Amino acid sequence: MSPIAPRLLVWYDQHAATLPWRGTPDPYRVWLSEIMLQQTQVETVKAYYTRFLQAYPQITALAAAPLDDVLKLWEGLGYYSRARNLHKTARIIAYDMDGRFPQTVEALQQLPGIGRYTAGAIASIAFGVRAPVLDGNVTRVFARLLDLSDDTTQPATKTMLWARAESWLPHQRVGDYNQALMELGRTVCKPRQPLCHECPVQAQCKAFANDTQALRPVKKKRQPVPHYDVTAGLIWHDDGRLLIAQRPLDGLLGGLWEFPGGKAEDGETLPACLRRELREELAIEVEVGDLFTVVRHGFTHFKITLHAFTCRYLGGIPQKIGVHDWAWVSPDDLRRYSFGKADRAVIDELENRRNMLL
Ligand code: SF4
């Protein structure tokens, strides 16, 4: 018998937020929303989710779309491997599985981009399978309910929490229960200053009883985030076009376009770094001119300062050595390609300056 499910479900019936992906057991919609919600706030996801469904109302439409179009629609949502995996999984389900989602956690976890949490969410919400979920929000709720002093980032603690999440599952309405847990973590049992006076499971909460909410969950201290100086070239052809490159499909920002360049090595000047990167990745020669703009950007595990230089193309037909593809494009066409956030800031600056000249 779950000690929290009855109260949690009553609370959910009264307080569940209206969200575009709620109220449907359609696995395609559940999957799409769960992938978008990984690492991303609900408010940000709403607009993306709606646009995505308009473009690809069924999984077959997503499977048939070119990856570039999918990445373009994903632009700004970050963590682009999610979009690439979404596309791969859509193709597997549409073409190898007759358009039908697997219904078990084990089978769902075989698909690209679907881990234990997402598999549990799809299985429980779309198919009513008694499968637990444990993301950051739910971990926090459980760590407080149990007043857990163990480090929740440790594998042994995670294993214990998964087991607890499983043993507390109700026999009915498991999808609603999982969504209620996630929502409780998001809106009531918040990381800072949880709203315990509004909490439906306050009576079951050991951290509340011991006044230790602020100390839970226990997580080991994060290492300082490294910083890198990165160069990028706005490489102008004599005919007024710019050279852009598509990053390799795997890895950070895979498949996105960028102004080519790369990370400065110790002791290397920024112009020397840019010339070296362009030789190594595209086999071209440029004359590095003025610093055009500087953009600061943070990723999950590091930060960068992007130094974008105006460059003049001297020669060498671009080769696909360290890039997936390359293209000469007019400045007006840049927005047709999907770029990461830092490169889009460079494009914004480029457009500002062109508008000032008009
Ligand atoms: Fe979280 Fe407070 Fe509810 Fe405990 S009582 S689960 S700390 S909101």
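Considering (1) among the aliphatic types (A, V, I, L, M); (2) open to solvent by less than 20 Å² (accessible area, probe 1.4 Å); (3) at pLDDT 95 or above, say which one LEU77 fails and leave the rest.
(3)
Show the residue pairs meeting these rules: Cβ distance below 7 Å; 6+ apart or different chains; first residue within segment 1-20 and closer than 12 Å to ASN178 by Cα; second residue small (Gly, Ala, Ser) and open to solvent by less than 80 Å² (accessible area, probe 1.4 Å).
Partner pairs satisfying both residue conditions: LEU8/ALA180; LEU9/ALA180; TYR12/ALA180.
Within segment 218-231, can one find any residue that is in contact with a Cys (Cβ under 9 Å, 6 or more places away or on another chain), under 30 Å from ARG275 (Cα atoms) and open to solvent by 70 Å² or more (accessible area, probe 1.4 Å)?
No, that holds for no residue.
Results for (1) open to solvent by 20 Å² or more (accessible area, probe 1.4 Å); (2) at positive phi, shown as yes or no for each residue.
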| site | (1), (2) |
| --- | --- |
| LEU306 | no, no |
| GLY316 | yes, yes |
| GLN319 | yes, no |
| VAL346 | no, no |
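Which residues, taken from segment 119-158, are small (Gly, Ala, Ser), farther than 19 Å from GLN204 by Cβ and open to solvent by 40 Å² or more (accessible area, probe 1.4 Å)?
Matches in segment 119-158: GLY128, GLY136, ALA156.
For segment 93-111, which residues satisfy the criterion of being under 21 Å from the mean Cα position of the chain (by Cα) and surrounded by fewer than 20 Cβ atoms within 10 Å (Cβ to Cβ)?
GLN109, GLN110
Would you mind finding the one in LEU249, LEU334 that is aliphatic (A, V, I, L, M), modelled with pLDDT under 95 and not assigned by TED's automatic domain parsing to the domain that holds VAL70?
LEU249
If you take the residues of segment 192-217 that are open to solvent by less than 80 Å² (accessible area, probe 1.4 Å) and of a type outside the set (A, V, I, L, M, F, W, C), which of them is farthest from PRO25 (Cα to Cα)?
THR212
Considering only residues that are of a type outside the set (D, E, K, R), without any contact (Cβ under 8 Å) to a residue 60 or more places away in the chain and within 8 Å of the ligand (Cβ to nearest atom), which ones fall in segment 194-216?
Within segment 194-216, PRO194, LEU195, CYS196, CYS199, GLN202 qualify.
Residue check: is THR50 surrounded by fewer than 16 Cβ atoms within 10 Å (Cβ to Cβ) and β-branched (Val, Ile, Thr)?
yes
Could you say which residue among VAL138, VAL133, VAL174 is at pLDDT 95 or above, within 12 Å of the ligand (Cβ to nearest atom) and under 22 Å from LEU19 (Cβ atoms)?
When all the criteria are applied, what remains is VAL138.
The values are calculated or read from the model by the stated rules, or taken from the named source; none is laboratory data. Quick caveat, the model's predicted, so the values are computed rather than measured. Positions of Cβ are generated from backbone atoms using ideal geometry, with glycine treated the same way; all protein chains shown enter the neighbour counts. Please note that ligands, DNA and RNA were not included when accessible areas were found on the heavy atoms of the full protein model with its side chains. Shrake-Rupley method; radii C 1.70, N 1.55, O 1.52, S 1.80 Å.
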